[in-house]
Structures are given as structure tokens and as C-alpha cells.
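Laboratory data are not the source of any read-out in this text; all were calculated from the coordinates shown. Bear in mind the structure is a predicted one, so any value in this text is a computation, not a measurement. No Cβ is skipped: glycine too gets one built from the backbone with ideal geometry, and neighbour counts run over all protein chains shown.
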Amino acid sequence: RGLARDGEAVRYPPQGGGDIRLFELMRRLAVHFDLHLLSYGSAQTDEFMRQSGVKSVVLVPGGQPSPPVGRLRKKFDLWQGAPHGLRLNVDPVFAHALKESLALIRPHVVLIEHAYMAQYRQFVDEKVPVFVSCYDVETTKIIRWFTEHKNGLLAGFRQRLQVRVMCRCESNLGRLAHAVFATSELDAAELRKLNC
């Protein structure tokens with residue numbers, strides 16, 4: 001029994017690299033395991049389940065929330081201007097759905113999709129093996145992105161903080177997970193470097 005988690009919405013038919021990768025991962029794992037998926041989204045999942053072989057899908061509406069409303073807090077949001085709207089805070093709605101799913105399914109293993117969902121590791125029993133699947137090294141990606149999108153002094157300071165926080169997050173993956181999966185040898189080498 002397994003519980004897979006993902007930071008993006010379930011879509012069928014899959015569109016784009018991330019969707020196709022997630023669908024193929026689910027389809028192949030479901031051949032060997034009773035797989036249950038918790039994800040953001042609100043679409044119909046019948047066809048996704050039929051084609052992927054996943055036993056159940058729990059969808060949490062919306063995405064991770066913005067910081068509390070307020071002009072000052074919004075203005076100084078650490079992740080403002082970050083690529084792909086990265087968030088490392090815990091979404092209480094998603095956390096609640098995860099805890100309910102874990103209690104109901106009692107998984108033998110949990111797979112976390114994306115490094116920036118690793119903060120939910122805290123809700124999984126320490127006895128349950130947890131694996132993290134990374135299809136990018138986010139630290140490398142945001143450094144590259146910021147190099148191409150240079151801005152003013154405040155934005156530059158915020159970008160350096162974002163890189164440092166993301167680097168710390170990915171440097172903890174080896175401690176949080178039983179194993180971390182990378183998409184390429186290059187990514188694996190980068191993750192090893194971050195976790196040494």
C-alpha cells in the first residue's frame with residue numbers, strides 16, 4: 001500500500017512534461033502496489049484512475065495559500081517573484097487532508113513528489129518509509145532563473161534569500177527521506193553535493 005503526494009493538480013489526459021511524468025509514474029507503480037494519490041485539483045478523476053490504475057484519489061481544492069492578507073506582509077513575501085510560485089510553508093487544508101488519508105489508508109510507504117512538498121514529511125509516522133522524487137534540482141533551477149531575470153537591489157536581496165532557503169530545503173532531503181530519486185545523473189550529482 002502506498003500514498004503518493006504531489007504539489008500540482010491531477011489532469012487527464014496529461015498535458016505537458018510534469019503531467020505526463022506524474023501519470024506514467026502512477027501507472028507504473030500501480031502495477032506493483034495498491035496506490036492512493038493525494039493531490040491538489042478539482043477535476044473529475046474517473047478516467048485518470050481507470051487509465052493509471054490508482055486505487056483512490058483525494059483532491060484538495062486550490063493551491064498552497066498566499067501569506068496572510070495584508071499589504072505589508074504581501075509586499076515583503078519571501079517568495080514574491082520566485083519561479084513557479086514556490087512555497088515551502090504548510091498549507092493547513094492540505095495537511096488536514098493528508099492526516100485523514102494517512103489514518104484511513106495506513107500506508108506502508110509514502111512517496112512525496114517535488115522537493116518543495118517535503119515539509120509534509122512531519123505528518124508521516126517515522127516508522128513509515130518516505131521517498132522523495134525530484135524531477136528538478138530547484139536550487140539550481142532558481143539560480144539559473146534569477147541569473148536571467150536580474151532586478152533591483154530589494155529583488156536581488158530577496159532572490160539571494162530564496163536561493164539560501166531552497167538550498168537548505170534540498171540539503172535536508174537525505175535526512176528526511178529513505179531515498180531521493182532524481183531524473184538524471186546530473187541532477188543526482190547535484191543533490192548528492194547538496195546533501196553531503
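For segment 123-140, 3J(HN,Hα) computed residue by residue from phi via the Karplus equation (6.51, -1.76, 1.60; θ = phi - 60°) reads 8, 9, 3, 4, 6, 8, x, 10, 10, 10, 10, 10, 9, 8, 9, 4, 4, 4 Hz, glycine and proline entered as x. Efficiency by 1/(1 + (r/R0)^6): what FRET value for Arg21 and Leu154, r their Cβ-Cβ distance, R0 = 45 Å, to the nearest 0.05? After rounding, the FRET efficiency stands at 0.80. When only Cα pairs under 8 Å and 6 or more residues apart are kept, what is the percent relative contact order across segment 116-196? So the answer I get is 45 percent. Along segment 179-195 the Karplus relation, 6.51 cos²θ - 1.76 cosθ + 1.60 evaluated at θ = phi - 60°, assigns HN-Hα couplings of 7, 10, 9, 10, 7, 9, 4, 5, 4, 4, 5, 5, 5, 4, 4, 5, 9 Hz to successive residues, with x for each Gly and Pro.
If the cut-off is a Cα-Cα distance under 13 Å, which aspartates and glutamates reach Lys99, setting aside same-chain residues fewer than 8 apart in sequence? Partners within reach: Asp91, Asp125.
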